Structure formats: structure tokens, C-alpha cells
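This report concerns only the one structure given below.
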Amino acid sequence: MAKTCILILLDGLGDRSYPDLGNKTPLEAARTPFLDLLASRGSCGAYHAGLAGQALPSENAHFAMFGYRPEEFPGRGFLEGLGWGLDMHPGEIALLTHFSHVSVQGGALILEEKRPGASVQEARELIEAVAFWQTGDIWFRFHHTKGVDGILSAGGPVSRFITDSDTMTPGGPLCAVRPWSTHASDPKAVNTAKALYEYLRFAHQRLDEHPVNIKRKARGESPANAVVTQRAGAYSDVEPFHRRWGIRGLSISSGAVYHGLARFIGMDVIKDGDTDNPGEDLARRLDKALEKSGQYGLIHVHTKAPDEAAHKKDAGLKVQAIEALDKGLKKALANRLDDPDILIVVTSDHSTPSTGPLIHSGETVPLALLGQGVRVDQVKAFSEIACAQGALGQLRGREFLLTILNHLDLAKLHGTMDTPDDQPFWPGAREPFTI
């Protein structure tokens, strides 16, 4: 039976220390006896998917963790489109989008509220008003996903190398849409930026005078009178995960971006929705992963709970989420820690601060590996500081996947060539010698 790595990804787990928690991080302050047990039975370290201090979003961090280079990244808009089941054609682009409440000051659109609450019927009527628009050869289509969110696709002579209009911070103006400086002379990028400006201007005018928003204003509610966009993406060719790393991959998660990312790199997907009990959600996903062990070399099991709590800027809420996840881990894994065919890896994709203005921050995250043959270091607790003192040291980027291959006994001796391509795994997809 082949070994399987169960990669337990606790999204946004890393954090900063807070006086209200005794100058501890939420992870340090939480009661996590099972995570501490996992740390004590294996090797620990600190991990960053990019450069130390770099604040990565989940999609870029996951992309690096799965062994891909930054220049291969297709853009989050495209990945979310895939995750929501959109039929994304080569040559088209996709952007994350949602309705916002804006005011006009000095000719600029000022963000007042990021996502004004709207009923299902209100959202449907507003989307219909801006669902399709075309200027010249470039068209835009709004695809509803949830609430007041959607994916804005565009086709024609378009480019994804354009800036975001979403400022993310209420009180400031929406951002002007421009081509990236690296594509300032690219006619497609220039024309896409101009066309998107025209669409967003059209959308504001249409929405501001829409009957739904007139009624909302009359009731004293914020109008959903603008469309904002960010993180454009487009299809690109990429080497499938199994061909690059020699193992099959599976992702078990609830988020569309993870479903889309897995599809993009050729991993299988099991969609598993969230409930109000993150510990039970994690336990259920781990049960599904254990049922599939032996069929895949890497099974990614994801929970968004710590990240969501931190985004509410409530360190105490994050402590509660972490403690719930610890119980879920124990429920699913307590009897599987000695399985010689399973390598357990527990880590996070990035740090998410529970206070302050940052969305994500650039600190490392804790990492623990345990399984047959894995060195056992002196670390006794699973936290940002404790794990950083472990035998793994600090890993970055694609070193993460190479470390997993090594502990699955699939690491190729560097310099040997059993295939024309210098693959990182052993044995390679060899061609037999015949006579």
C-alpha cells in the first residue's frame, strides 16, 4: 500500500501576540492538547509560502504549497470562476466582483460600505440590471455566486493584467483601473482597462437610479449602487500535479477558490460544506480523507475557521475556533497516529491578524510532520514560537512539497536521470530498455 500524506490546512492560523491574551497569539492562548500531542510526536518548523514578511492570500500560498511557481499563477478570479462551475474559455478573463455602497465626492466614487445587505430578490434584480454590457469588441457578463458577490467575466481582445477597482477600505475612493506597468504598452491591457472603466461607470449609473435602491434609500438602508472588481485571472497551461510530483492529489474543502485551484492543477475535488461547528466539519473531512488514503499521495483537508474568525478582528473568537478544531482533530485522528502508511502534516497557508488594518500579515506559520521514520524533536506544543524551534527549521515555498515527497519515500537522488525530464520524484515515469 502506498503512503498517503494527509495535509491538514488550518487557514489563517498564524497571528500576532495581544496584551489581552497575556502577550500570546490566539494559537498560544488556546487549549490545544491534541495539536500539542501531534507536535510532540514528530518534527516541527516554521513555514512561509513566499518571502518572510510577505502577506500572501490563500490562493497564492496554496499554489506555492502545491509546488508551483508564482509566474504560473493564473489569477484568483479565474480560479474562483472554475470553482463556481463557470465555463471559462481560453482568451477570456474573470474578476472577483461584488456590489458596494458608494457616494460621490468631487467626482470620485467613495466606498461607504463594502457589501450592503440585500435580499435574494433585490440581488437578483440588481444583477439583471448590469448582467451584460459591451463596448466595441469587449463584453462583460456578471455571474452571481452568493449574496451580493459574483464573478465578472470578459471576452474579446482582453488581458488580465489590469489593476483592481476595489479599495477594500471604506472611507477612501475606489481605485482607477489601469494596465499593469509591465503591460503599459500592451494594447489589450490598455483597452481592457478602458472598457472596464466604462462598464463600472455604466453599472454605477444604472444601479444608483434602480428602483430597488430608490426603495432602499427611502427605508434608510444603504443602496448597493456600485460594482467593484479585483484580482483578474485567465486560463493558462500548467503541468498537472501528478505529472510534476508523481503522486495523485485530492482536495477536500468548502471554498470555491480551493475547488477551482484543485481543478486547475488536476487534483480531484470533494466539496464539503461548512456548518456552525468547525470542529465537526474538520472531523468529517478527515474521515473522508482517511477513507481515500492509499488512493492518493496527497490529500488536502482544509478549514477556513481560524481565518474567518480573525477577519472579524476578534482574537477571542479565533481562540474558540482553534479549540473547536483541536477537538475535531482528536475525534478523527486519535486512533490513526501509528498508521505506518499515513504521513500527517499540520500547518497553515498564512497568518491573519486578529486586530489592526491588515487583511493578512507576513509572519511564518507553524508546521508539524509525524509518521513512520519522521525525526522526533524536542517541541512539545503546537504554536508559532514553539514550532519554530523544531528540527525542520524554516521552510519556504516549494520546499514544502519536496519535504512531503521525501517523507513519502519518493525523493529522487539529485543528479540521477531515469527519465528525459529532471523530475523531482523517484521512481520516474520510466521507459523500459528493450532489445
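Listed values, structure above:
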read-out	value
Separation between Cα centres of segment 222-246 and segment 68-104, rounded to whole Å	4 Å
In segment 173-221, chymotrypsin sites (Phe, Trp or Tyr not before Pro) in a DSSP loop with at most 15 other beta-carbon atoms within 10 Å	Trp180
Leading residue at positive end of dipole, segment 190-298 (Cβ point charges), from Thr275, Ala195, Ala224	Ala195
Highest-fluctuation residue, Tyr47, Tyr18, Tyr258 considered, GNM on the chain with Cα pairs under 10 Å	Tyr18
Cα-based shape type of segment 91-190, given that a ≥ b ≥ c are square roots of the gyration tensor eigenvalues and the cut on a/c is 1.5	oblate
Sites Lys313 and Asp421, calculated FRET efficiency, Cβ-Cβ separation with R0 35 Å, nearest 0.05	0.15
For the chain, share of DSSP beta bridges that run antiparallel, in % to the nearest 5	60 percent
Where GluC sites (Glu not before Pro) fall in DSSP loop in segment 209-289, at most 10 other Cβ within 10 Å	none
Potential lengthening between Glu239 and Ala131 on full extension [0.36 nm per residue; Cα-Cα distance subtracted]	35.5 nm
Cys residues of the chain counted as unpaired, since no other Cys beta-carbon is under 4.7 Å	Cys5, Cys175
Of (i) 151; (ii) 169; (iii) 189, the label for volume of the Cα convex hull per residue in Å³ derived from the coordinates	(ii)
Carbon/sulfur fraction of accessible area - segment 282-435, other protein chains in place, 1.4 Å, %	53 percent
Those residues of segment 366-381 whose amide nitrogen sits under 19 Å from the label point placed on Ala52, 7 Å along Cα→Cβ	366-368
Mean separation of Cα contacts under 8 Å (6+ apart) over length of the chain, as relative contact order %	31 percent
Helix-derived mean residue ellipticity, 222 nm - over the chain, DSSP H n ≥ 4, -39500 (n - 2.57), to 500	-9500 deg cm²/dmol
Virtual spin-label span in nm between Asn335 and Asn277, 7 Å along Cα→Cβ	1.9 nm
For the chain, built as a Gaussian network whose Cα springs stay under 10 Å, the top-fluctuating residue of His210, His143, His302	His210
Set Lys194/Lys215; Lys3/Lys292; Lys146/Lys288; Lys292/Lys331; Lys114/Lys312; Lys312/Lys380 screened for pairs whose C-alpha atoms are more than 20 Å apart	Lys194/Lys215; Lys146/Lys288; Lys312/Lys380
Spin-label pair Lys114/Asp20, simplified geometry with 7 Å Cα→Cβ offset, distance in nm	1.8 nm
Three-way shape label, segment 308-384, alpha-carbon gyration tensor, a/c 1.5	prolate
Gyration tensor verdict on segment 135-267 (Cα atoms; rounded if a/c is under 1.5, prolate if a/b is larger than b/c, oblate otherwise)	oblate
Cβ-placed point charges (K, R +1; D, E -1), dipole of the chain about Cα centre in debye, nearest 20	260 debye
Highest-fluctuation residue, Thr229, Thr403, Thr419 considered, GNM on the chain with Cα pairs under 10 Å	Thr419
Stretch gain in nm, segment Gln105-Ser254, where the contour uses 0.36 nm per residue and the Cα spacing is subtracted	49.7 nm
The chain, accessible area per residue, ligands and nucleic acids excluded (1.4 Å, Å²)	44 Å²
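The values are calculated or read from the model by the stated rules, or taken from the named source; none is laboratory data. Here the structure is a predicted model, which is why all the values come from computation and not from measurement. Note that we place each Cβ from the backbone using ideal geometry, even for glycine, and neighbour counts take in every protein chain shown. All accessible areas refer to the heavy atoms of the entire protein, side chains included, with ligands and DNA or RNA removed. Shrake-Rupley method; radii C 1.70, N 1.55, O 1.52, S 1.80 Å.
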